[in-house]
Amino acid sequence: MTVDPSLTQDEHVVLLLHPHWKTLIRPFAVAALVIVVALVAEVLIPSGSAAGAGRLAVAAVAIGVLMVWLMVPVLRWRTTTYELTTRRLRMRDGIVTRHGRDIPLARINDVSFEKGLLDRLLGSGRLVVESAGEHGQIVLRDIPRVESTQATLFRLVEEEQRRLERNERNQP
C-alpha cells in the first residue's frame with residue numbers, strides 16, 4: 001500500500017468519493033440522441049457522388065459532439081473527488097487545471113444533508129458543511145450515500161475535537 005505524501009503523520013483516508021453517477025445521466029442521454037440523429041442522417045443522405053463526403057461529415061460532427069457532450073462530463077466526474085481523512089475534508093476537481101480545498105475537521109461547526117425526490121430514489125444528496133472561517137458554508141452536490149457520509153463526517157469531527165482537547169490538557 002502506498003503512502004500519500006500529502007497526508008500528515010497519523011492521518012489516514014476514511015472515505016474517498018466521486019460525485020454520484022446520476023451526474024452522467026444527461027451526457028449519456030445526449031450521446032444516445034446524437035447517435036440516433038447521426039444514424040438517421042446517414043440513412044437519409046441520398047446515394048451519389050457526394051454521398052461518401054456527406055456521410056463522413058455527419059460522422060465527424062457526431063464524433064465531435066460526442067467528445068464534448070460525453071467525454072468532458074465523464075472526465076469532470078472522474079477527476080472530482082471528496083476525500084474524508086481523520087484530520088480534514090479534502091475536495092479536488094479539474095481536468096486540466098486542478099483545484100483543491102482542505103477544511104480541517106476542527107474548524108467544522110455543522111454538517112447536514114438535503115435529499116430531493118430523485119436523490120432519495122438514487123441514494124444521493126447534498127452535503128452542507130459549515131466551517132469557521134471566511135468561506136462559511138460549503139455545499140457538496142451529488143454525494144453518494146449522503147446520510148452515511150454525513151454521519152461519518154460528524155463522528156470524525158467529534159473525534160478530532162476530543163483529540164485536540166486531550167492534547168491541550170496534556171500540554172504544560
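See the values below:
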quantity	calculated
(1) 69, 27, 13; (2) 27, 21, 15; (3) 47, 17, 11, with the label sought being that of the calculated semi-axes √(5λ) of the Cα gyration tensor in Å	(3)
Helical mean residue ellipticity (222 nm; -39500 (n - 2.57) per DSSP H run of 4+; nearest 500) of the chain	-14500 deg cm²/dmol
Global form of the range 24-76, assessed from the alpha-carbon gyration tensor, a/c cut-off 1.5	oblate
Residue with peak Gaussian network fluctuation, the chain [Cα springs, cutoff 10 Å], from V129, V40, V146	V40
Relative contact order, percent, the chain [alpha-carbon distance under 8 Å, six or more residues apart]	21 percent
Relative contact order of the range 24-76, defined on C-alpha pairs under 8 angstrom at six or more residues apart (%)	56 percent
Within the chain: Cβ-based charge dipole about Cα centre, in debye rounded to nearest 20 (Lys, Arg +1; Asp, Glu -1)	320 debye
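Every read-out reported here was derived from the displayed coordinates using simple, explicitly stated rules and does not represent laboratory data. Note that the structure is a prediction, hence the values are computed from the model and not measured. Here the Cβ is made from the backbone with ideal geometry for all residues, glycine too, and neighbour counts use every protein chain on show.
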